[in-house]
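Heads up: the structure comes next, in structure tokens.
The values are calculated or read from the model by the stated rules, or taken from the named source; none is laboratory data. On a predicted model such as this, the values are computed, not experimentally measured, just so you know. Note: ideal-geometry Cβ built from the backbone for every residue, glycine included; neighbour counts use all protein chains shown.
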Amino acid sequence: MKNIYKNFNSKTLKNLKGGRIAKVIARSGLCSRREAEHLITNGKVKVNNKVLFKCSVNVTAKDKIQVNNQPLPTKVATKLWLYNKQRGYLVTNNDPEGRPTIFEKLKEKSDSRFISVGRLDMDSEGLLLLTNDGDLARKLELPSTGWLRKYRVRVHGYVIKKDLELLKNGITIDGIRYGKIDAKLDKQQGSNAWLTLGIKEGKNREVRRVMNHLGYKVNRLIRVSFGPFQIKNLASGAIEEIKNKNLIDQLSF
């Protein structure tokens with residue numbers, strides 16, 4: 001596995017100051033780096049009372065940074081949580097259609113600011129990593145980390161093992177290239193089957209699109225692990241903070 005933070009230690013977990021403006025905003029826990037870049041290019045960020053439009057600008061701890069005319073939040077210790085997402089919830093901060101989101105649900109449990117590491121679609125469930133550090137979220141969700149994501153998948157159809165072997169070298173569907181997928185048939189139950197899939201990319205709706213291409217409709221999708229983190233016995237809808245020592249151990253391989 002690739003080192004996420006070189007020489008990651010307790011100092012790294014406390015307060016990272018200085019660097020590219022989008023990274024600094026993300027580290028504050030206000031939003032993800034991608035969202036920070038969007039805010040910058042839309043003129044929502046000021047540095048020393050001057051509106052900023054370029055993401056390439058470097059800042060230091062001495063600079064006064066404002067987002068939407070509000071001071072940048074004081075950085076707190078980096079934290080990571082395991083969350084067992086329930087089916088029927090979107091992984092977004094705001095849905096125009098008013099559908100339920102995990103962040104609305106999480107407000108009932110904690111006042112912490114949560115940023116998701118990647119996403120699970122509305123009909124999917126299982127392990128979702130959450131952090132208060134947008135820069136860390138960005139690093140963990142990139143395929144370049146080499147982290148394997150494992151899923152338990154129930155599909156409708158009689159699964160042919162040869163179909164699953166086609167995924168070992170990746171597959172192209174509608175012009176989109178999906179990388180290597182480790183797929184194993186666990187159990188055939190009547191017209192449904194349970195599979196275990198392992199992927200490293202996590203493209204949008206990747207599992208559903210690949211299974212549909214093979215002729216199998218996914219009717220349940222559960223992520224059971226993300227890199228070194230596993231859902232284990234975490235109850236549906238429950239959240240659990242990774243202890244500081246474990247976090248350091250897992251992010252400094």
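Checking each residue in the stretch 200-232 for being farther than 18 Å from residue 157 by Cβ, charged (D, E, K, R) and assigned to a strand (DSSP E or B) picks out only 223.
Quick check, is residue 200 in contact with a strand residue (DSSP E or B) (Cβ under 9 Å, 6 or more places away or on another chain) and touching a residue at least 24 places away in the same chain (Cβ under 8 Å)? For residue 200, the condition - in contact with a strand residue (DSSP E or B) (Cβ under 9 Å, 6 or more places away or on another chain) and touching a residue at least 24 places away in the same chain (Cβ under 8 Å) - is met.
Number of residues in the stretch 165-194 that are β-branched (Val, Ile, Thr) and loosely packed, with under 14 Cβ neighbours inside 10 Å: the value is 3. If the condition is being over 15 Å from residue 147 (Cβ atoms) and crowded, with 16+ Cβ neighbours inside 10 Å, then the stretch 195-204 contributes only 195.
So in the stretch 105-159, with the set limited to residues that are of a type in the set (Ser, Thr, Tyr) and within 21 Å of residue 32 (Cβ to Cβ), which one is surrounded by the fewest Cβ atoms within 10 Å (Cβ to Cβ)?
For the stretch 105-159, the residue satisfying everything is 144.
Of the residues making up the stretch 82-93, those that are crowded, with 19+ Cβ neighbours inside 10 Å and in contact (Cβ under 8 Å) with a residue 40 or more places away in the chain number 4.
Quick check on this structure: which one of 160, 102, 115 is of a type in the set (A, V, I, L, M, F, W, C) and outside the structural domain of residue 236 (by TED's automatic domain parsing)?
160
Report yes if residue 60 is among the polar types (S, T, N, Q) and modelled with pLDDT of 90 or more, otherwise no. Taking the combined requirement at face value, the residue does not satisfy it.
So, residue 30, is that one modelled with pLDDT under 90, among the aliphatic types (A, V, I, L, M) and in a loop (DSSP other than H, G, I, E, B) or not? Yes, satisfied.
Residue under question is residue 168, and the condition is that it be at pLDDT 90 or above and assigned to a strand (DSSP E or B); does it hold? It is false that residue 168 is at pLDDT 90 or above and assigned to a strand (DSSP E or B).
With respect to the conditions (1) under 12 Å from the mean Cα position of the chain (by Cα); (2) not in a helix (DSSP H, G or I), residue 122 lacks only one, and its number is (1).
The residues of the stretch 221-253 that are surrounded by fewer than 17 Cβ atoms within 10 Å (Cβ to Cβ), in contact with a strand residue (DSSP E or B) (Cβ under 8 Å, 6 or more places away or on another chain) and either farther than 28 Å from residue 77 by Cα or at pLDDT below 90 (or both) amount to a single one, 250.
Out of 167, 128, one residue alone is touching a Lys or Arg at 6+ places or on another chain (Cβ under 9 Å), in the same structural domain as residue 195 (by TED's automatic domain parsing) and not β-branched (Val, Ile, Thr). It is 167. Of all the criteria given as (1) closer than 23 Å to residue 215 by Cα; (2) part of a loop (DSSP other than H, G, I, E, B), the one not satisfied by residue 111 is (1).
The set of residues in the stretch 136-181 being within 13 Å of the chain's Cα centre (by Cα) and in contact (Cβ under 8 Å) with a residue 12 or more places away in the chain consists of 136, 137, 138, 139, 140, 141, 143, 145, 147, 148, 149.
No other residue among 240, 206 is of a type in the set (Asp, Glu) and in the same structural domain as residue 88 (by TED's automatic domain parsing) apart from 240. Residues that are touching a Lys or Arg at 6+ places or on another chain (Cβ under 8 Å) and in contact (Cβ under 8 Å) with a residue 24 or more places away in the chain within the stretch 37-58 comprise 47, 52, 55, 56, 57, 58, listed in sequence order.
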